[in-house]
Amino acid sequence: MILVLLLALALQSPPAQPATADAWSAAGWRALRDGAAEEAATDFGQALRLDAANPLALLGAGAAANMRGRADDARQYLAGALKAQPSLTAAALLLGEILYREADLQGAIDVYEQALARAPGDAKLTARLEAWRREAAVHDSLSTRLAAHFTILFEGPADQPMAGRVSDMLEAIYWQVGGALGAYPPGVLTVVLYSKEQFRDVTQSPSWAGGLYDGRIRVPIAGRVDERDLRRVLTHEFTHAVIHSLAPRGVPQWLNEGLAVLMERGGGQASALEAGDAPPPLARLEGSFDKLSPDEARTAYATSAAATQALLDRGGPMVIYNLLTNLGSGMRFEEAFERAALVPYREFAQTWR
């Protein structure tokens, strides 16, 4: 009987807090694994109070800051981790990706070159560095046009008139999409106008892709351009930039692409799925669409737009804004969704049709 009471008391007692930097760091990594960015940031902060030069705690703090969309903090922590342990490849990998996403291509290359000197056999570093060097070689040959909110890179004098039209389009799109979503990207966005061959080589995008946003807006321009189609693509990719400014991580692809499709249509209703299309479950549309065939991609985009429209019909534009800002605060998607839409995500996924 006494043993039972002792066990019951033990179960009711709160777990002992970590007592060392390594223990706090381990707790932070567990929180990161569970997607709890705020809890992880707190845990790594406690670890760094006990040991300010702990490389794994600095790496974890950088990863948590990155999950919370705090790129400046992430860069500072990751640089500290590499100063404490220059051979910490994981810190170099993440720091390089953040620099690349923030349009500091040369900075990303420098970080990876230093990391590769210490880990010459690392396949991921090698492949990424080769791709970035190819991109840098292309960009070195491009001309620049400055606009109020954009820096536009283009091939040369022959493309200068097109760069001017793109600049005018983008400034109008900036106010249209930003006003509709209630947010604008911070700073100046880089927009790169490629030939079709350059676009495929640099981005490695699927054949059906008409553009890309990965921290920069990238668009293939070749020959005679349909300006309505160009405006549609620029609107789509700029919408991704706005979404990223609100929630750098954790946005399922169906919502990211669905909102971009609706914005490219001027915020109008999503077009119906074609007869015979079987919309895939939203769970299958949470990750990248890059490996989809053209037909699969068409269905995925149509389903994403229809599901996003259903979410808008439920709660209006504020449901999207609140969902994205919840995600931007480090909240898990299911919790962020339920707080914004007032319905569990699992229920919405099953009933939105």
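The values are calculated or read from the model by the stated rules, or taken from the named source; none is laboratory data. Not measured: the values here are computed from a predicted model. Cβ atoms come from the backbone with ideal geometry, glycine included; neighbour counts cover every protein chain shown. Note: accessible area is taken over every heavy atom of the protein model, side chains too, but ligands, DNA and RNA are not part of it. Shrake-Rupley method; radii C 1.70, N 1.55, O 1.52, S 1.80 Å.
Descriptive notes on the structure:
- Residue match in the range 123-140 (condition: of a type in the set (A, V, I, L, M, F, W, C) and in contact with a His (Cβ under 8 Å, 6 or more places away or on another chain)): no
- Count of residues meeting criterion [assigned to a helix (DSSP H, G or I) and either farther than 22 Å from residue 104 by Cβ or basic (Lys, Arg) (or both)] in the range 131-156: 2
- Test: residue in the range 157-180 that is acidic (Asp, Glu), on the phi < 0 side of the Ramachandran plot, outside any helix (DSSP H, G or I) and buried (at least 18 other Cβ atoms within 10 Å of the Cβ): no
- The residues on offer are 95, 105, and the sole one that is modelled with pLDDT under 95 and either hydrophobic (A, V, I, L, M, F, W, C) or more than 17 Å from residue 203 (Cα to Cα) (or both) is 105.
- For residue 112, the conditions (1) closer than 27 Å to residue 237 by Cα; (2) of a type in the set (Ser, Thr, Tyr); (3) crowded, with 18+ Cβ neighbours inside 10 Å all hold with the exception of (1).
- Filter result for residue 262 (modelled with pLDDT under 95 and open to solvent by less than 20 Å² (accessible area, probe 1.4 Å)): no
- Test result for residue 192, in contact with a strand residue (DSSP E or B) (Cβ under 8 Å, 6 or more places away or on another chain) and either buried (at least 22 other Cβ atoms within 10 Å of the Cβ) or among the β-branched types (Val, Ile, Thr) (or both): yes
- Residue check for residue 327: surrounded by 18 or more Cβ atoms within 10 Å (Cβ to Cβ) and either touching an Asp or Glu at 6+ places or on another chain (Cβ under 6 Å) or at pLDDT 95 or above (or both): no
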